[in-house]
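**Q** Sharing a structure with you now.
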Amino acid sequence: MALGDFLLLPSDDLTLAALLKGPFIGFDEDRLFGLAWRRGKQSLWRALSARRAENPDFSRAHTVLSDLLASADFRSPFEFYAEFLGAGGARAQLLTRLGAEAADPIDEFLSAALAYERAHPPSLQGFLHWLRAAQSELKRDPEQARNEVRVMTVHGAKGLQAPIVLLPDTMSLPRDR
């Protein structure tokens, strides 16, 4: 959603900073600080545009984001995000950074974009507003067999069964040190 927010308002520095640090661009703290520091009243987007020749990372980020800005106005939200996540390689980047469990929310996001377009005129701003207003929550199927350790609260684990359950010592008072 940060990508959509940036596309609607490129001068929003906080959204752009989050996007630059995210899996699609991949800036680290030092790279972002180098871009943001000493830019005066100039927006982060203008600073990136002005300094793209200084650094290959700045150039790549500017190219990616400029291409997305150029195409967002001419595509429906589903078409835009499907292209970005598919052929654009963003889905693979998300799965690499967040793990395989990110596949379900990605699919649900695309399904939501398609559902929005069936009921409303396609617009990015309308879709993001509709998505935020829906307040829906995606829950994973807890019965899926996976070869992984799951850390859960007692409330979240209620009713589930597992071959091995580890409980912390909850019967003694913590020592004050």
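**Q** When you go through Phe27, Phe6, Phe58 one by one, which is the residue that is within 20 Å of Phe109 (Cβ to Cβ), open to solvent by less than 30 Å² (accessible area, probe 1.4 Å) and of a type in the set (Phe, Trp, Tyr)?
**A** Phe6 is the lone residue from the list that is within 20 Å of Phe109 (Cβ to Cβ), open to solvent by less than 30 Å² (accessible area, probe 1.4 Å) and of a type in the set (Phe, Trp, Tyr).
Matching residues to (1) touching a helix residue (DSSP H, G or I) at 6+ places or on another chain (Cβ under 6 Å); (2) within 17 Å of Leu19 (Cβ to Cβ); (3) among the acidic types (Asp, Glu):
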| position | (1), (2), (3) |
| --- | --- |
| Gly40 | no, no, no |
| Ala50 | no, no, no |
| Ser59 | no, yes, no |
| His62 | yes, yes, no |
| Leu65 | no, yes, no |
| Ser71 | no, yes, no |
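**Q** For a quick check of your reading of the model, give me the residue pairs whose first member lies in the stretch 80-107 and is without any contact (Cβ under 8 Å) to a residue 40 or more places away in the chain, whose second is among the polar types (S, T, N, Q), with beta-carbon atoms closer than 8 Å and at least 6 apart or on different chains.
**A** Going by the 8 Å Cβ cut-off, the qualifying pairs are Glu83/Ser71.
**Q** Would you confirm, using the coordinates I've provided, whether Ala61 is of a type in the set (A, V, I, L, M) and outside any helix (DSSP H, G or I)?
**A** So Ala61 does not fit the description; no.
**Q** Look through the stretch 122-175, keep the residues that are of a type in the set (D, E, K, R) and modelled with pLDDT of 75 or more, and return whichever of them is nearest to Pro10 (Cα to Cα).
**A** Arg132
**Q** Next question, about the same structure. If you check Arg52 against the conditions, is it in a helix (DSSP H, G or I) and charged (D, E, K, R)?
**A** When the stated conditions are applied, Arg52 does not pass them.
**Q** Can I ask one more? Filter the stretch 9-24 down to residues that are over 15 Å from Phe58 (Cα atoms) and without any contact (Cβ under 8 Å) to a residue 12 or more places away in the chain and give me whichever is surrounded by the fewest Cβ atoms within 10 Å (Cβ to Cβ).
**A** Ranking the candidates gives Leu14 first.
The values are calculated or read from the model by the stated rules, or taken from the named source; none is laboratory data. Since we're looking at a predicted model, the values are computed, not measured. Cβ sites come from the backbone with ideal geometry, for glycine too, and all protein chains shown count toward neighbours. In case anyone asks, the SASA skips ligands and DNA or RNA and just uses the protein heavy atoms, side chains included. Shrake-Rupley method; radii C 1.70, N 1.55, O 1.52, S 1.80 Å.
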